[in-house]
Amino acid sequence: ETGVTQTPRHLVMGMTNKKSLKCEQHLGHNAMYWYKQSAKKPLELMFVYSLEERVENNSVPSRFSPECPNSSHLFLHLHTLQPEDSALYLCASSQEYGTPTGNTIYFGEGSWLTVV
Amino acid sequence: GQSLEQPSEVTAVEGAIVQINCTYQTSGFYGLSWYQQHDGGAPTFLSYNALDGLEETGRFSSFLSRSDSYGYLLLQELQMKDSASYFCAVRDHDYKLSFGAGTTVTVRA
């Protein structure tokens, strides 16, 4: 139990579907992240929210839309995805963002997404 | 941009010692971290080195040489439960964390 909970753990969706991934952190952290993990590749940072404000958007296609309604919850809305978007999507949180020390990142167990 | 290099796979027997090297190129540097990820699980934090030298935490140690842009994770007295992927990560001048592609460690009986 890392203190970061993601649902659903597995999702299969068609290319025309709309779905959402949900993340909740119980650690009292101020920063939350979405990462994409594909086989044999480095984790790719997608979005960062600090104090509910988006501070990073790393050239992610618009078919991925994040939402952070409060500091404990983070969503990733998915629309008209492509098969190459199939991957493990990891949510994470840290105490702060944008400081040089500490900021250990705590990950959830991820949502396995398959686009068919 | 940032780049990190680490071996893709390592296999060793129980009780052995494994060293996972990580070399990095980054604009600015605020520390090297290591994460462990078991199959189907969340990456979990193992260690953080901001200064040169060796940090020991039980059977695992992490080393950093900033002048060589190099670090390693040392796994001692390997156990079956240590079979996992291990990622190095560096924090750059924007304090963003960039990850390597991971090293899969397989421990055999």
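Bear in mind these aren't lab numbers, they're just calculated from the coordinates by the rules spelled out. Since the model is a prediction, treat every value here as computed from it, not as a measurement. Quick reminder, even Gly has a Cβ in these numbers, built from the backbone with ideal geometry, and neighbours come from all protein chains shown.
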List the cysteines of the protein assembly as shown that have no other Cys Cβ closer than 4.7 Å: which are they?
A:Cys68
Pull out the extension gain between A:Thr80 and A:Leu27, defined as 0.36 nm times the separation in residues minus the alpha carbon to alpha carbon distance; nm, one decimal.
15.8 nm
Evaluate the charge dipole of the range B:45-109 about its Cα centre and quote only its size in Debye, nearest 20, assuming +1 on the Cβ of each Lys and Arg and -1 on the Cβ of each Asp and Glu.
240
Jot down the per residue volume, in cubic angstrom and as a whole number, of the convex hull over the alpha-carbon atoms of the range B:34-85.
80
I'd like the Karplus ³J(HN,Hα) series for the range B:87-93: coefficients 6.51, -1.76, 1.60, θ = phi - 60°, whole numbers in Hz, and an x wherever there's a Gly or Pro.
10, 8, 8, 10, 9, 9, 5
Mean separation of Cα contacts under 8 Å (at least 6 apart) over the residue count of chain B, i.e. the relative contact order in percent, is 38
Please state the Cα pair-distance histogram of the protein assembly as shown with 5 angstrom bins from zero: what percent is in each bin?
1, 7, 14, 18, 19, 17, 12, 7, 3, 1, 0
What ³J(HN,Hα) values, in whole Hz, does the Karplus curve 6.51 cos²θ - 1.76 cosθ + 1.60 give for the range B:22-35 when θ = phi - 60°, with x put for Gly and Pro?
9, 10, 9, 10, 8, 8, x, 8, 10, x, 10, 10, 10, 10
Apply the Karplus curve 6.51 cos²θ - 1.76 cosθ + 1.60, θ = phi - 60°, to the phi angles in the range B:94-108 and return the couplings in whole Hz, x for Gly and Pro.
8, 6, 7, 9, 10, 9, x, 7, x, 10, 8, 9, 10, 9, 9
Please find the FRET efficiency linking A:Thr114 to B:Tyr95, where r is the Cβ-Cβ separation and R0 is fixed at 25 Å, and quote it to the nearest 0.05.
0.15
Kirkwood-type radius of chain A, with distances r between different C-alpha atoms, in Å:
14.2
Relative contact order of chain A, please, whole-number percent, based on alpha carbon pairs below 8 angstrom and at least 6 residues apart.
37
With +1 assigned to the C-beta of every Lys and Arg and -1 to the C-beta of every Asp and Glu, and no other charges, what is the dipole magnitude of chain B about the Cα centre in debye, to the nearest 20?
120
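Under the √(5λ) rule applied to the eigenvalues of the Cα gyration tensor, what semi-axes describe the equivalent ellipsoid of chain B? Give them in Å, descending.
Ellipsoid semi-axes (Å, largest first): 24, 14, 11.
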